[in-house]
Structure formats: C-alpha cells, structure tokens
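These notes are about the structure you will find just below.
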Ligand SMILES: *Cc1c(COP(=O)(O)O)cnc(C)c1O
C-alpha cells in the first residue's frame with residue numbers, strides 16, 4: 001500500500017502516528033473534489049485546512065504561476081525587489097480598510113504572527129519605552145505553532161511540553177453579551193497597571209478553538225479602550241481573511257481598526273505558502289531611522305517568493321471579481337437556510353455562522369474539546385460518504401472553497417444531517 005509507504009518515511013503534522021488511520025493518498029484534485037489514488041472521490045468541505053478559496057487546480061492561478069516560474073522564480077528580497085511583490089502590496093493596501101501603509105512578507109500564518117509580535121514589541125523598544133512588554137490575548141486563542149505564536153495562544157495540550165519556554169501573556173475571555181461590561185473594566189485595569197505592548201486577537205471567529213464566534217460591536221468596545229490606552233492592536237486574520245466571514249476581511253465589520261494585520265492561508269488561493277503582515281505608517285516610522293539598531297531584523301529565505309506573489313495576485317483578482325463575491329454571499333445564505341433546517345435536532349448544542357463558516361457543536365456526553373472522542377467516528381462517517389470534513393472534537397464545521405456547487409453543498413448538508421442521527425445513537 002502506498003499510504004503505508006508514506007508512514008514509513010514521513011512524520012505527519014498533528015498526527016499521533018501510532019493510532020491514526022493511514023493517510024489517504026490523493027492523486028489529483030479539481031475545484032471542490034479530491035480524487036484518491038484508490039478511485040474514491042471526496043468533496044473538500046474545509047478547503048484543505050482553510051487555505052483553498054477558488055477551488056483546487058484553478059487554471060487561472062496555475063497559469064500565472066507557470067508563467068512566473070519561467071520569468072523569475074526567486075530572488076533574495078533584501079537589496080532586490082520585483083513586480084509580483086509590488087503588485088501584491090499595492091493590491092492588499094487598496095482592498096483593506098483605508099489605513100495600512102506597509103506590507104512585510106513572510107512564509108505562512110505562524111511567521112506572519114511572529115512578525116506582528118516582533119514589530120509591536122520593537123515599536124516600543126525603538127522609542128526607548130522599554131517597560132511596555134506585556135501582551136494581551138484571548139482565551140482559547142490559536143495563532144500558530146512557532147514559539148511566539150504558541151506563547152500568545154491558550155495554554156493547552158498542544159503546547160504543554162513548551163510551557164516553560166513561552167513568554168508570559170495575559171489572557172482575557174472573548175466578549176459576550178453577559179461579560180462585556182466586566183471585560184471592559186478588566187481591560188482598562190490591565191492597561192493601567194500592566195504596561196501592555198499589544199493586544200492580539202482573531203477577529204470575530206476563533207478558528208482552531210472550534211469556530212467560537214463573537215460580535216463586532218463588542219470587539220469595537222475593547223479596541224476603543226486599547227487605543228485610548230496606547231496598546232497596539234494586532235488582528236490575526238490568517239483564517240478569517242479573504243472572504244471567509246462574508247466580507248473580504250473580518251475587520252470590515254469594525255469601526256475601530258487594528259494597527260497591524262496578519263494574513264496568510266487563503267492569500268494564494270491555496271497554491272503556495274505565503275504570509276504578510278501589514279502595519280500603519282505610524283508603526284513604520286518608528287523603524288525609519290539613521291540608526292542601524294532600529295532596523296527590523298527579520299526575514300526568511302523565501303520572503304516574497306515571486307511564485308507565491310504571482311499566485312496571490314491571481315487569487316486577489318478572482319476574489320474581488322463579482323462572480324466570487326456573489327458566490328460568497330450565496331454560500332452564506334445557503335448555510336443560514338441549512339442551519340435553520342437542523343437547529344431543533346436534539347443532538348445539536350449550538351449552531352454558529354459567520355459568512356461562509358458554519359459550525360455545528362454536538363451535544364455529546366463528553367465536554368466540548370478537540371479531544372472529544374466523537375471526532376474519529378464522525379470523520380470516518382463523513383469520509384465513508386464521500387465528504388471531507390474534519391471536526392474539531394465535537395464541532396463539525398463547513399468552510400468550503402467559494403466555487404463549491406449547489407449540488408456539492410447539498411451533498412455536504414445531507415451527510416451532516418444523516419450523521420446527526422447516526423452519531424447520536
Ligand atoms: C492557521 C492559523 C495560523 C497559523 O498559520 P500556519 O500557516 O498554519 O502557520 C495562525 N493564526 C490563525 C488564526 C490560524 O487559523
């Protein structure tokens with residue numbers, strides 16, 4: 001078996017290699033369908049770890065990458081620049097709320113978060129304000145797997161081995177109708193006594209935590225306090241960016257704007273790894289100096305890789321086109337209708353939706369958690385029925401590429417619906 005050969009040589013991510021089923025070998029993919037080597041087909045209902053927005057092997061993006069590969073495949077990004085990066089930076093600044101001035105390139109979600117944190121900390125350091133060192137983050141946060149990103153995340157089983165190596169972070173709960181007043185007081189008190197450098201958050205949807213959602217108006221209230229108290233605000237839109245929440249960016253739901261934004265996942269349409277961190281002119285200016293020591297000393301070998309930038313430019317063109325914007329609205333509307341049709345099922349604890357993200361929390365005897373044992377059973381049920389869904393514990397979620405057809409969505413909904421009866425037995 002080919003997949004056995006995979007496990008002989010490869011150590012897979014987030015996988016207990018001893019107990020996990022052997023990986024499914026995928027030989028090709030098109031639009032929303034994954035074709036396995038054994039002939040089985042799966043509807044990719046979670047956009048291959050949230051990265052794919054225009055479907056697999058999109059010909060427009062593939063063509064742009066191929067042309068770029070024969071023009072300039074890569075060049076060091078210190079001392080050199082190139083058109084794909086310039087075009088992408090211009091586009092991002094133009095489609096984001098009118099506020100960001102500079103784009104810093106990196107490789108993926110974790111590294112664009114590292115860049116954001118280092119930028120925020122050095123912003124104060126460069127001004128000789130060395131006491132502002134603390135970071136505030138949300139409980140249940142996930143920002144990636146590198147050390148800085150792990151530090152700002154919820155302390156849990158994923159990072160337990162590294163706890164002593166993670167820097168200290170103050171965690172506050174996500175806002176709700178019930179806690180918002182207390183939370184505002186808590187944030188103001190922290191700002192007054194803790195010398196806070198930055199506040200980092202996943203706007204509106206905490207993905208890895210199980211698609212936990214909260215209201216833009218509440219986030220606005222927290223951001224307003226942070227701004228008044230001189231705390232830099234970092235929006236981690238690695239998952240929510242590029243249409244996921246129904247708008248191009250989750251921060252478009254807000255009145256208050258962050259100082260720094262992190263983008264990755266959907267940026268290249270799922271073709272190439274790429275991360276970007278955008279900041280305001282005010283932040284950039286603190287690094288713009290005659291002293292070499294004020295330089296932002298950060299960079300990766302593949303920074304602003306031209307193939308990744310070409311993929312991103314093509315993906316942005318597709319994203320802002322009417323067709324894609326309509327698809328995003330259409331998926332959102334269909335999600336809402338489906339949610340209403342199943343909301344009274346006794347096996348459902350809660351249904352949450354924001355744009356193209358639909359999450360169904362199952363009412364299991366075990367607590368809600370990534371390690372909830374229903375995950376394995378549910379995953380297998382979906383796969384046996386030709387739909388690739390990868391529940392986060394007892395939370396089933398749908399986050400499809402925007403090109404998903406009505407027939408494919410019907411299939412995904414149908415499988416989820418029948419799974420509710422099957423799993424609750
Ligand atoms: C996935 C994710 C990351 C990490 O991105 P990688 O590309 O996996 O390193 C960071 N933040 C959020 C909100 C994410 O969902």
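Each reported figure results from applying straightforward, stated rules to the coordinates on display, with no laboratory input. Owing to the predicted nature of the structure, the values given are computational and were not obtained by experimental measurement. Every residue, glycine among them, receives a Cβ derived from its backbone with ideal geometry; neighbour counts consider all protein chains shown.
With 0.36 nm allotted per residue and the present C-alpha distance subtracted, the residue 67-residue 19 stretch has 13.0 nm of extension available.
Stretching residue 181 away from residue 86 to a fully extended chain increases their span by 29.8 nm, per 0.36 nm per residue minus the current alpha-carbon distance. In the chain, the DSSP-assigned H stretches of four residues or longer account for a calculated mean residue ellipticity at 222 nm of -12000 deg cm²/dmol, using -39500 (n - 2.57) per stretch and the full residue count as denominator. Ranked by how many other Cβ atoms sit within 10 Å of their own Cβ, fewest first, the residues 28, 354, 155 fall in the order 28, 155, 354. The distance separating the Cα centre of the stretch 180-218 from that of the stretch 375-425 comes to 31 Å.
Approximating the spin labels as points 7 Å out from Cα along Cα→Cβ, the residue 49-to-residue 8 distance works out to 2.4 nm. For a test of the definition: using alpha carbon positions, the gyration tensor, and the 1.5 limit on a/c, classify the stretch 62-320 as rounded, prolate or oblate. Prolate. The simple spin-label model puts a point 7 Å past each Cα toward its Cβ; for residue 230 and residue 337 those points are separated by 5.4 nm. Quick check on the stretch 212-340: take the gyration tensor over C-alpha atoms, sort the square-rooted eigenvalues as a ≥ b ≥ c, and tell me if it's rounded (a/c under 1.5), prolate or oblate. Oblate, because a/c is 1.5 or more while a/b does not exceed b/c. A Förster radius of 25 Å, combined with the Cβ-Cβ distance separating residue 292 from residue 195, puts the computed FRET efficiency at roughly 0.40.
In nm, what is the difference between 0.36 nm times the number of residues separating residue 376 and residue 35 and their Cα-Cα distance?
120.6 nm
Based on the Cβ-Cβ distance from residue 165 to residue 99, what FRET efficiency comes out when R0 is 30 Å, to the nearest 0.05? Efficiency for this residue pair is about 0.30. Can you tell me how the stretch 271-425 classifies by the Cα gyration tensor, rounded, prolate or oblate, using a/c under 1.5 as the rounded cut? Note, shape of the stretch 271-425 comes out prolate.
Please report the spacing between the Cα centers of the stretch 255-304 and the stretch 129-166 in Å, no decimals. So the two Cα centres are separated by 20 Å. Between residue 367 and residue 424, the distance separating the two model label sites (each 7 Å from Cα on the Cα→Cβ line) works out to 2.5 nm. Ranked by how many other Cβ atoms sit within 10 Å of their own Cβ, fewest first, the residues 296, 338 fall in the order 296, 338.
Panel order for 418, 7, by other beta carbons found within 10 Å of each beta carbon, from fewest to most: 418, 7.
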